[in-house]
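The values are calculated or read from the model by the stated rules, or taken from the named source; none is laboratory data. Note that the structure is predicted; figures quoted are calculated from it, not measured. So basically every Cβ, Gly included, is an ideal-geometry build from the backbone, and we count neighbours across all protein chains shown.
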Amino acid sequence: MESFKKFIEENRDEVTALQIIYSKPYGQRHLTYEQIKQLAEAIERPPYALNPDLVWQAYEQLDKSRVKGAGPQKLLTNIVSLVRFAMGESPILSPFPDTVNERFDAWVSLQEANGRKFTPEQIEWFKMIKEHIANSLGIVIDDFDYPPFHERGGMTRAYKLFGQELGNILNDLNEALAG
């Protein structure tokens with residue numbers, strides 16, 4: 001999709017999300033949901049008037065072997081996947097939640113290979129954190145005030161489960177899953 005690539009190139013210094021993607025090394029990018037929302041709005045404005053779902057479909061038609069379907073839920077976070085694919089940073093265009101799931105599995109395996117053991121409840125919390133990152137690009141401690149975390153004890157429970165390591169764990173998960 002040349003028009004999408006042209007949009008990215010022409011707006012790389014104008015749209016905050018694109019500035020972050022271009023200026024930060026892979027793994028040190030911390031995009032917010034609001035920044036991606038602004039990017040989506042910019043994509044849809046004239047003169048480009050691109051629809052991210054249609055851009056995804058166009059990539060799929062051009063090279064089906066390198067594109068996984070966006071699935072039934074068209075998430076705003078999938079724009080991150082579109083940009084990474086268009087920039088050549090990702091060889092496969094797949095829904096952002098799929099990428100987060102793959103990275104989560106790798107993160108858990110790495111932690112276990114390094115001798116860390118987690119309780120079933122900690123794993124349950126990690127999975128909730130993973131889902132939150134997949135849908136909103138990141139997580140901060142204040143997010144524990146909202147569902148589904150709040151229903152399970154919120155910040156108080158998180159601190160009991162992870163202790164002083166909570167902040168480091170969140171930073172690590174943000175970087176590993178959404179970076």
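Overview of results
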item: P95, sole failed condition from (1) crowded, with 19+ Cβ neighbours inside 10 Å; (2) at positive phi; result: (2)
item: In the stretch 67-86, the residues that are under 16 Å from E2 (Cβ atoms) and either among the β-branched types (V, I, T) or surrounded by fewer than 13 Cβ atoms within 10 Å (Cβ to Cβ) (or both); result: V83
item: Near pairs, Cβ below 9 angstrom, 6+ apart or cross-chain, from the stretch 37-58 (on the phi > 0 side of the Ramachandran plot) to any residue that is at pLDDT 90 or above and not in a loop (DSSP other than H, G, I, E, B); result: A49/I43
item: Subset tally (residues that are over 15 Å from L173 (Cα atoms) and either loosely packed, with under 12 Cβ neighbours inside 10 Å or among the hydroxyl-bearing types (S, T, Y) (or both)) for the stretch 117-147; result: 7
item: Residue list for the stretch 35-66, filter: surrounded by fewer than 13 Cβ atoms within 10 Å (Cβ to Cβ) and part of a helix (DSSP H, G or I); result: E41, E44, D53, L54, Q61, L62, K64, S65
item: Residue match in the stretch 104-115 (condition: aromatic (F, W, Y), out of contact with any strand residue (DSSP E or B) (no Cβ under 6 Å at 6 or more places or on another chain) and more than 21 Å from A158 (Cα to Cα)); result: no
item: Residue pairs meeting the criteria (Cβ under 8 Å; at least 6 apart or on separate chains; first farther than 13 Å from I129 by Cα, in the stretch 142-163; second surrounded by fewer than 11 Cβ atoms within 10 Å (Cβ to Cβ) and modelled with pLDDT of 95 or more); result: L161/T119
item: Residue check for R84: part of a helix (DSSP H, G or I) and not hydroxyl-bearing (S, T, Y); result: yes
